[in-house]
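Visitor: Here it is, the structure, as structure tokens.
Derivation of every value follows stated rules applied to the coordinates shown; laboratory data play no part. Remember, it's a predicted structure, so these values are computed and weren't measured experimentally. Cβ: placed from backbone, ideal geometry, glycine included. Neighbour counts: every protein chain shown.
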Amino acid sequence: MKPFELLEPRTLREAATLLHAAGDAARPVGGGVAIMLMLKMGVLQPETLVSLASVEDRYSTIALDDDGQLRIGALATLRAIERSGLVRDRIPVLAQALRRLSNVRVRNVATLGGHLAHADPHMDLPPVLIALGASVRVVGPAGERVMPLADLHAGYLETVLARGELIAEVTCPVQGSRRAAYLKCTTRAADDWPALGVAAVLEAEGEVVRSARLVVSAATDVPTRLSRAEALLRGVRIDDALLARVGEAAAAEVTPIGDEHGSAAYKRELLDVYVRRAVRAALAAR
Amino acid sequence: MGTTRTLRFTLNGEPVTTEAPSHWNVVELLQNRFNLYGARESCGQGLCGCCTVLVDGVAVSGCLSLAARVDGADVRTIEAPAATEDGLDDVQQAFIESGAFQCGYCTPGFVLMTRKLLDECPQPDDEDIRHYLSGNLCRCAAYPEIVAAVRLVAQRRATRG
Ligand SMILES: Cc1cc2nc3c(=O)[nH]c(=O)nc-3n(C[C@H](O)[C@H](O)[C@H](O)COP(=O)(O)OP(=O)(O)OC[C@H]3O[C@@H](n4cnc5c(N)ncnc54)[C@H](O)[C@@H]3O)c2cc1C
Ligand code: FES
Ligand code: FES
């Protein structure tokens, strides 16, 4: 691994300023899990790493907002989110998704900010959080902005974040009466990176769906809403015939990309099947 | 300046201070500065658990942790002796009795993860055990014996009260 300089600022704003000044030669580090892999492979050779480990404690906290949304600091570890009583109670689908995300040691270290900023389409939480309607607050050297999480990812390992911009926190509406599920298909070890992920968030009365949000990941460059499949679900009673059409619509509206977890054709097949299963699982969830 | 780092931390109960290059990971730090080889790098990718170290009581993959992570922390490795006559705790004892290893390369990681599992979930069922230890790989495939060893510890602790 090539040597680099490690900076450890005490505030997020200071980190943003350092990163802005250093430009392309510098990278922020959250948990450092993804960074370490890239450093070891030599695909990343920074002169400077700016560790976020010492920034203000409030960026590691999980709390309920005045307006009933859950605020999760970007430096909160995936394990802290998984084990948070608030998360389990208010957004159970998030805790469930986390249980099958890699292993305990990775979750102990990986941060939510790093997880989102890495922009690997195989990440498990973006589809869930996007389907729930989460947004991210971004801090830069000159100020801050809030954007829907759905707008963060620009392509494979690419975000819309400008130089020096850092994810500060994620705000996510609680599940409330919405029913939600995240299904992940792995083709090697059980808790491997997904070959496909599908998140379904439904508003339903009995078996009749009022509105649906479906998001697919791991089969496309960025997490992608399945709007046509969603439209088919609106205002109707769910049965197998309808779900068959929903699965077909989903498989037709995106162009899957193959990788080492499965070919494009296989992923299209998976999408058809997993969208149907995810809707069923969401209906059966609370 | 920032290309080396002074690290002050507690290592297996002893306060230590050292200098290390910023780009070293925790395994390199323990091996090169403290001659501790219990945490060893195998996959180097966070998958196998051979490099497991407890930092402030949290299990991490040493292979993916920058050395700076340990600054100011309480670090425990498999070398930390237990307060028993032979220095082995009940988890290690159960691994020996259950034959939960062949070559032993993976064992430090499994033992440390088992201690954490039993802290968090004192009476795990087989599914809990497999889930918690899914990030630890044993190339000798002693998995059934490892699960049996974890159950044995849990059982003994329950009967001891
Ligand atoms: C063995 C293994 C298996 C894994 N399996 C899965 C899996 O199945 N599913 C899954 O979803 N994930 C999986 N992961 C990935 C894990 O979730 C990510 O590596 C992790 O979430 C990245 O978080 P981090 O804090 O370590 O990021 P870092 O490595 O610190 O950073 C990742 C990227 O984000 C940038 N960054 C970090 N923090 C911020 C911030 N606050 N603002 C802006 N940019 C930032 C960094 O510069 C870097 O580009 C796996 C990882 C490993 C090692
Ligand atoms: S060597 Fe670190 S997890 Fe395998
Ligand atoms: S005992 Fe040999 S790898 Fe586990």
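Visitor: Relative contact order for chain A: what percent, with Cα pairs under 8 Å and sequence separation of 6 or more?
Guide: Here the relative contact order equals 16 percent.
Visitor: What is the P(r) of the protein assembly as shown, as percent of Cα-Cα pairs per 20 Å bin from 0?
Guide: 24, 54, 21, 1
Visitor: Ratio of chain B's C-alpha Rg to 2.2 N^0.38 Å, to two decimals? Display every interim value, and only then the final one.
Guide: Numbers: Rg = 16.0 Å, N = 161, 2.2 N^0.38 = 15.2 Å.
Rounded to two decimals, the normalised Rg is 1.06.
Visitor: Any idea what angle helix A:264-284 forms with the longest principal axis of chain A, computed on alpha-carbon atoms, 0 to 90 degrees, nearest 10?
Guide: 80 degrees
Visitor: Let me ask you something else. Once the Cα gyration tensor of segment B:90-160 is diagonalised, what are the square roots of 5 times its eigenvalues, in whole Å and ordered largest first, as equivalent ellipsoid semi-axes?
Guide: In descending order the semi-axes read 18, 13, 10 Å.
Visitor: If you don't mind, there's one more thing I want to ask. Could you calculate the contour length gain from A:Arg83 to A:Met147, that is, 0.36 nm times the residue separation minus the distance between their Cα atoms, to one decimal place in nm?
Guide: 20.4 nm
Visitor: Here's a follow-up. Please state the charge dipole magnitude for segment A:58-172, taken about the Cα centre, from unit charges on C-beta atoms (+1 on K and R, -1 on D and E), reported in debye and rounded to the nearest 20.
Guide: 480 debye
Visitor: Along the charge dipole of the protein assembly as shown, which of B:Ala83, A:Val55, A:Trp193 sits closest to the positive end, that is, farthest toward it, with unit charges on the beta carbon of Lys, Arg, Asp and Glu (+1, +1, -1, -1)?
Guide: The Cα lying farthest towards the positive end belongs to A:Trp193.
Visitor: Here is a follow-up. Please get the size of the charge dipole for the protein assembly as shown, origin at its Cα centre, with Cβ charges of +1 on Lys and Arg and -1 on Asp and Glu, quoted in debye to the nearest 20.
Guide: Details: 49 positive and 54 negative charges, 143 e Å.
Roughly 680 debye for the protein assembly as shown.
Visitor: Could you list B:Phe34, A:Phe4 so that the one with the fewest beta carbons within 10 Å of its beta carbon is first and the one with the most is last?
Guide: The fewest-first ordering by Cβ neighbours comes to B:Phe34, A:Phe4.
Visitor: Please work out how much length the chain gains when fully extended from A:Glu253 to A:Arg188, using 0.36 nm per residue of separation minus the C-alpha to C-alpha distance, in nm with one decimal. List each step's numbers first, then the result.
Guide: Working: separation 65, 0.36 × 65 = 23.40 nm, distance 2.67 nm.
Computed gain between A:Glu253 and A:Arg188 is 20.7 nm.
Visitor: Can you tell me which lysines have their Cα less than 27 Å from the Cα of A:Lys267? Leave out same-chain residues fewer than eight positions away.
Guide: A:Lys184
Visitor: Of the options A:Leu101, A:Ala119, A:Leu129, report the single residue whose Cα projects farthest towards the positive end of the charge dipole of segment A:58-172 (beta-carbon charges: Lys, Arg +1; Asp, Glu -1).
Guide: Toward the positive end, the furthest listed residue is A:Leu101.
Visitor: What net charge do the residues around A:Leu39 carry, taking every other residue with its C-beta under 15 Å from that of A:Leu39, with Lys and Arg at +1 and Asp and Glu at -1?
Guide: 0
Visitor: Moving on. Take each uninterrupted DSSP H stretch in chain B, measure its Cα extent along the helix axis, and return the ones at 24 Å or beyond whose mean Kyte-Doolittle hydropathy is at least -1.0.
Guide: Qualifying helices: B:143-160.
Visitor: What is the fewest-to-most order of B:Ile96, A:Ile62 by other Cβ atoms lying within 10 Å of their Cβ?
Guide: Lowest to highest Cβ neighbour count: B:Ile96, A:Ile62.
Visitor: Let me ask something else about it. Return the long-range amide H neighbours of A:Leu161 (sequence gap of 5 or more, or a different chain), with a cut-off of under 5 Å between placed amide H atoms.
Guide: Under 5 Å from the amide H of A:Leu161 lies no amide H from a residue far enough along the sequence or on another chain.
Visitor: Please report, in debye to the nearest 20, how large the charge dipole of chain B is about its Cα centre when each Lys and Arg carries +1 at its beta carbon and each Asp and Glu carries -1 there.
Guide: 240 debye
Visitor: Using a cut-off of 18 Å between alpha-carbon atoms, which aspartates and glutamates can reach B:Lys116, once sequence neighbours fewer than 8 places away in the same chain are excluded?
Guide: Once the sequence-local aspartates and glutamates are set aside, what remains near B:Lys116 is A:Glu82, B:Asp56, B:Asp74, B:Glu79, B:Asp89, B:Asp90, B:Asp125, B:Asp126, B:Glu127, B:Asp128.
Visitor: Report the GluC sites (Glu not before Pro) located in segment A:243-286 that are in a DSSP loop and have at most 16 other Cβ atoms inside 10 Å of their Cβ, or state none.
Guide: Counting only loop positions with at most 16 other Cβ atoms within 10 Å, the GluC sites (Glu not before Pro) in segment A:243-286 are A:Glu260.
Visitor: Still on this model: Using a 10 Å cut-off around each Cβ, can you sort B:Cys103, B:Cys48 from fewest to most neighbouring Cβ atoms?
Guide: Taking fewest neighbouring Cβ atoms as first place, the list is B:Cys103, B:Cys48.
Visitor: Here's another thing I want to ask about it. Once both axes come from the Cα atoms, what is the angle between helix A:240-253 and the longest principal axis of chain A, in degrees from 0 to 90, rounded to 10?
Guide: So the inclination is approximately 40 degrees.
Visitor: HN-Hα J couplings of segment B:99-105 from phi, Karplus 6.51/-1.76/1.60, θ = phi - 60°, integer Hz, Gly and Pro as x?
Guide: x, 7, 6, 10, 6, x, 4
Visitor: Quick one: what Rg and Dmax do you get for segment B:11-99 from the alpha carbons, in Å?
Guide: Taking only Cα atoms of segment B:11-99, I get Rg and Dmax of 13.6, 41 Å.
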